[in-house]
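Okay, structure first, notes after.
The values are calculated or read from the model by the stated rules, or taken from the named source; none is laboratory data. Owing to the predicted nature of the structure, the values given are computational and were not obtained by experimental measurement. Here the Cβ is made from the backbone with ideal geometry for all residues, glycine too, and neighbour counts use every protein chain on show.
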Amino acid sequence: MGRFISSTRPAPKPRAAGNGQSATNGFTFLEMQNKNYLYVQSSVPFRGATRATRKAMPDRPTQDDYATLPVDAPERRRLPLLLRRAWYGLNQAFRRSIASADATPDQFTVLRTLHEGSREGFIQSELARSMSSDPNTMAALLERMEKNGWLERKQHKADRRANRIRLRAAGRRKFAELRDIAAGLQGRILEAIPEPRREGFLAELALIADSCHAAAQSAATKKR
């Protein structure tokens, strides 16, 4: 007999089945498919599952043939969905955490990039590339931050068409305030992974990030 476990989220609370669908442990087979549930072999039967329900359920892949499934099969853990879900949750959590500081995640990223960069600052185009942002979005973001007194833009000595962006004292203070919040949030999220595995996980995630960047560069080249 088999059961479903979630590959990406906790199991939903039991509820009654509707529209003629048979219920298994309080939720329908169709729902389990749509919510990306992973089927594994088990000697434990579904609680409350009827014999008719078990008979109606189609055969599902076991752990032995799981690796033979297509990379985008609903039964697999899929990279784009997991990355999107992780990024959305992290961004929302950080946004809410720093709302009282009157700042946004994008503003924090600018402050951090300038803080960790050269004392001479960044040209706007360099800053946009470092943050994987487009020039128009970056220009509007920098304008708001300049009005807040967090940074300054001065004409580049060698290129009069470019501005060099540097942190002001107020920006450094704001970064220190937000950095503590960001570090605390990262620590709480990483608690989901045993401590000895965290650095290895982050190293592998960095490889995925590099691979994604390389794929984007390759796609841009082919488009030309």
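See the values below:
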| item | result |
| --- | --- |
| Qualifying position, being within 28 Å of ALA86 (Cβ to Cβ), modelled with pLDDT of 85 or more and surrounded by 10 or more Cβ atoms within 10 Å (Cβ to Cβ), among ARG179, ARG173 | ARG179 |
| Number of the exception - ALA170 against (1) at negative phi; (2) outside any helix (DSSP H, G or I); (3) more than 26 Å from the chain's Cα centre (by Cα) | (2) |
| Pairs, first farther than 17 Å from SER211 by Cβ and in contact (Cβ under 8 Å) with a residue 24 or more places away in the chain in region 73-84, second among the polar types (S, T, N, Q) and not in a loop (DSSP other than H, G, I, E, B), C-beta under 7 Å, six or more apart | PRO74/GLN33 |
| Qualifying positions in region 182-204 - surrounded by 10 or more Cβ atoms within 10 Å (Cβ to Cβ) and more than 19 Å from LEU90 (Cα to Cα) | ARG197, GLY200 |
| Pairs with Cβ under 6 Å, 6+ apart, first in region 104-128 and in contact (Cβ under 8 Å) with a residue 60 or more places away in the chain and within 23 Å of GLN92 (Cα to Cα), second surrounded by 19 or more Cβ atoms within 10 Å (Cβ to Cβ) and of a type in the set (Ser, Thr, Tyr) | none |
| Residue match in region 119-138 (condition: touching a Leu at 6+ places or on another chain (Cβ under 6 Å), aliphatic (A, V, I, L, M) and in a helix (DSSP H, G or I)) | no |
